[in-house]
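This report refers to the structure that appears directly beneath it.
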């Protein structure tokens, strides 16, 4: 139940831009959210698609007990040196609407390389492979959404976590992933 919230607000630093602080906050949150079994959601009040930024504020939603634990654990993480973690408050009654935040994955070049290897193993001639992959590359849309840079804890590789914001006409419940995002569930907007 998303009855309460707190915010993580990036504090401007000379050595670390706001986008890097937001990425660090998401990295720290991701390491903790898996323990909350989909009961904690995130929102980005300063989300700006036209400049591809999530902004310097992350709003964490959940029940008061879960948020108290999350907030305490965040105070022991690196993000506490670069951001202000506000107190936990009840969600206001003057909600302006609902938003859904979901992850969008861009298949990019790795998808084309996999298809090329598959076609080669099937014995398709080189000219035909170029034609197929050329058509696929032209049809593939490059997704440009606000994002953060995340480092995979399992592989150590960096990747972009692109987040899509969509306004919804009504509240929708569901489970949130280890990034605090959901394909269906909404968070209140105020």
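A quick yes/no check of all residues on (1) at pLDDT below 95; (2) over 23 Å from residue 98 (Cα atoms):
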residue	(1), (2)
41	no, no
45	no, no
52	yes, no
60	no, no
71	no, yes
76	yes, yes
83	no, yes
Practice prompt. Please work out if residue 25 is crowded, with 18+ Cβ neighbours inside 10 Å, closer than 18 Å to residue 147 by Cβ and either modelled with pLDDT of 95 or more or not assigned by TED's automatic domain parsing to the domain that holds residue 178 (or both).
Written response: yes
Discussion item. Scan segment 107-124 and tell me whether some residue there is closer than 24 Å to residue 178 by Cβ and either assigned to a loop (DSSP other than H, G, I, E, B) or touching a strand residue (DSSP E or B) at 6+ places or on another chain (Cβ under 7 Å) (or both).
Written reply: yes
Worksheet item: Can you tell which of 107, 136, 151, 141 is surrounded by fewer than 16 Cβ atoms within 10 Å (Cβ to Cβ), at pLDDT below 85 and touching a helix residue (DSSP H, G or I) at 6+ places or on another chain (Cβ under 7 Å)?
Response: 136
Worksheet item: How many of the residues making up segment 33-56 are more than 13 Å from residue 82 (Cβ to Cβ) and either buried (at least 17 other Cβ atoms within 10 Å of the Cβ) or in contact with a strand residue (DSSP E or B) (Cβ under 6 Å, 6 or more places away or on another chain) (or both)?
Response: 14
Practice prompt. Being closer than 15 Å to residue 188 by Cβ and surrounded by 17 or more Cβ atoms within 10 Å (Cβ to Cβ) is the filter here, so list the residues in segment 59-81 that pass it.
Written response: 59, 60, 61, 62, 67
Worksheet entry | Residues of segment 57-81 satisfying the condition of being assigned to a loop (DSSP other than H, G, I, E, B) and within 21 Å of residue 182 (Cβ to Cβ) | 63
Discussion item. Just to be sure before I move on: is residue 84 in contact (Cβ under 8 Å) with a residue 40 or more places away in the chain and assigned to a helix (DSSP H, G or I) in the structure I sent?
Written reply: no
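The values are calculated or read from the model by the stated rules, or taken from the named source; none is laboratory data. Just so we're clear, the structure is a prediction, and the values are computed from it rather than from any experiment. Cβ coordinates were reconstructed from backbone atoms using ideal geometry, including for glycine residues, and neighbour counts include every protein chain displayed.
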